[in-house]
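To start, the structure under review is shown below, and the notes come after it.
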Amino acid sequence: MTQRNNVNRRGVIFITVVGLIGVANMIIMTALFTPQNPFSAPDATASNVIILDEANEQEVIKNTGAINDNKKATTILPDDANADTSAVTNDSTLKDDNIGDHSETGSTTRHNANTTSSHNTTSFKRYDGVVIVTKVLKPDDEKKLRRFLCMLAHAYNDKVQYDMVVFTTLPWGESEIANLQKIWAPAKLTVVIEAPPLEDQLAAMPDEERDFLRKRCGLKFPNETLTYNNWCTEPNYKGGYISLGYSWQAEFRAYHIWTHDAIKKYKYMMWLDSDAMVTKVWDKDPMQVMVENDLIIMYSSFGYGVLRNTIVKDKMIKWYNKSLCSINERQCHGGAGLCEIFCGDDPSEVFNIKQIGGYHHITNLDVYRKPIHQQFLKDFVGIHRFSREMDDQIGVTIPAMMEQSMRNDGKMRVVNENKAYNLDLMIAHHGHYDDRQNKKVAPRNPNALYNKFAESDPTLKDRCQSFL
């Protein structure tokens, strides 16, 4: 009996040892052959807000979410001829600020973006130095931004993991920022206050300029407060009035955005208005077209308004020694694209410049940062600020056309539209897809656009429904 029990015990021990070895082998094999995601997800509770401190001539990235107990701040020095513009880390301990991620992106060398979306197996190349950007006025825009971001991530960014910068005029709370970051994860999203508070900007204005703006906005008494909700006269704009907040976004995008510290480490900016909704999964990568064709700008729509103000003509002559008179879409110089016609080239030409649509474009930021274009854009905005007349659409158009004319005597077409490369992005804006000229009518209601996208791709709701 004792011998039989000993034999049974040995058998149980043998089986147990074999079983443990098998489990260990399975764990090792799983570790060796499980594919790793090359993009690490950030802490969704960390909310980065960049606040411009103009008084101290510096911009401080403030992380308002809890990451760890060792609290630090990252300060970016101003872009000044006598200053080191690299990121500087301050190791002193602070009570309220956590360290901000401000790593450099380097050149535009291509990498494989190995992660493909579960809803689309088309793989894209991921480029360094790329940022996707939009802008809103205030935190009340969070709900519409959630839908905008999730549709864009599902359609494109889940495959390439580009950083997102959301410029805002008024500050956001931590929870609102965290909501957006969860949607964009594992890619990085930063909410950036783009400028000092309005009262600080007004205080910095010369008395004459400030008085002129207050009269434009209908303020009659010294104790009346000017806000971004005030409606101000705009003689050459339809209706004759426009909100100060909308005028500011036009000025910011025409001039201030190109050298803003929040995007200074990037070379390429994909811009989308926050009401421009991406409504299909992209099967072709617009960034690949942009980079590999060395374009200055690639856009969705042209003819989005017309400039006839001859003051701008004088400013072009001042900085470029010549002025555009018109821009045409036609075959010219041996290639398709926008063709610049300068005043004097054709005696029959009148000053009538069509504009690139502002709701979506991809720009080479290095071009717009060139001193000659920055000098023109600063003069273009002028001394009377917060004007819609000198807006972002013509502000993005003129430097692109002037730069194109300088390249190879203008024989190389480097200002072109998405459809020239068969890019069907289906971006809905103001009741049309991609371009008003193509007659493709889109629903104006954001919910209808979302539902229409979900009908064609049911996995959209798997990706987005919990965030909306």
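Table: residues versus (1) touching a residue at least 24 places away in the same chain (Cβ under 8 Å); (2) out of contact with any helix residue (DSSP H, G or I) (no Cβ under 8 Å at 6 or more places or on another chain); (3) part of a loop (DSSP other than H, G, I, E, B).
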site	(1), (2), (3)
N223	no, yes, yes
Y228	yes, no, yes
N236	yes, yes, yes
Q249	yes, no, no
K265	yes, yes, yes
M269	yes, no, no
Report summary line: Among the residues of segment 385-401, the number that are within 15 Å of T310 (Cα to Cα) and of a type outside the set (D, E, K, R) is 4
Query - Only one of P139, P171 that is under 25 Å from G358 (Cα atoms), in contact (Cβ under 8 Å) with a residue 12 or more places away in the chain, open to solvent by 40 Å² or more (accessible area, probe 1.4 Å) and in contact with a strand residue (DSSP E or B) (Cβ under 8 Å, 6 or more places away or on another chain) - result: P171
Report summary line: Going through (1) farther than 19 Å from N309 by Cβ; (2) in contact with a helix residue (DSSP H, G or I) (Cβ under 8 Å, 6 or more places away or on another chain); (3) surrounded by fewer than 24 Cβ atoms within 10 Å (Cβ to Cβ) one by one, Q404 fails only at (3)
Query - Hits in segment 419-468 - residues which are in contact with a strand residue (DSSP E or B) (Cβ under 6 Å, 6 or more places away or on another chain), on the phi < 0 side of the Ramachandran plot and modelled with pLDDT of 90 or more - result: I427, A428, L449
Requested in this report: Given the conditions (1) at pLDDT 95 or above; (2) touching a Lys or Arg at 6+ places or on another chain (Cβ under 7 Å); (3) buried (at least 23 other Cβ atoms within 10 Å of the Cβ), report the number of the one that T259 does not fulfil.
Outcome: (3)
Query raised in the report: Is it the case that Y241 is of a type in the set (S, T, Y) and either within 30 Å of V160 (Cα to Cα) or in contact with a helix residue (DSSP H, G or I) (Cβ under 8 Å, 6 or more places away or on another chain) (or both)?
Result: no
Query raised in the report: Is there a residue being open to solvent by less than 10 Å² (accessible area, probe 1.4 Å) and either of a type in the set (D, E) or without any contact (Cβ under 8 Å) to a residue 40 or more places away in the chain (or both) anywhere in segment 414-427?
Result: no
Query raised in the report: Can you name the residue in segment 191-209 that is open to solvent by less than 10 Å² (accessible area, probe 1.4 Å) and part of a strand (DSSP E or B) and is also farthest from S175 (Cα to Cα) among such residues?
Result: V192
Query - Conditions (1) open to solvent by 10 Å² or more (accessible area, probe 1.4 Å); (2) modelled with pLDDT of 95 or more; (3) more than 19 Å from L152 (Cβ to Cβ); (4) in contact with a Lys or Arg (Cβ under 8 Å, 6 or more places away or on another chain): number failed by Y237 - result: (2)
Requested in this report: State which residue pairs qualify: first residue open to solvent by 20 Å² or more (accessible area, probe 1.4 Å) and inside segment 301-312, second residue among the charged types (D, E, K, R) and in a strand (DSSP E or B) in any location, beta carbons under 9 Å apart, and separation of 6 or more residues or different chains.
Outcome: G303/E329; G303/K354; Y304/K354; G305/K354; V306/K354
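The values are calculated or read from the model by the stated rules, or taken from the named source; none is laboratory data. This is a predicted model, so every value here is computed, not measured. Note: ideal-geometry Cβ built from the backbone for every residue, glycine included; neighbour counts use all protein chains shown. Surface accessibility is based on the protein's heavy atoms, side chains included, excluding ligands, DNA and RNA. Shrake-Rupley method; radii C 1.70, N 1.55, O 1.52, S 1.80 Å.
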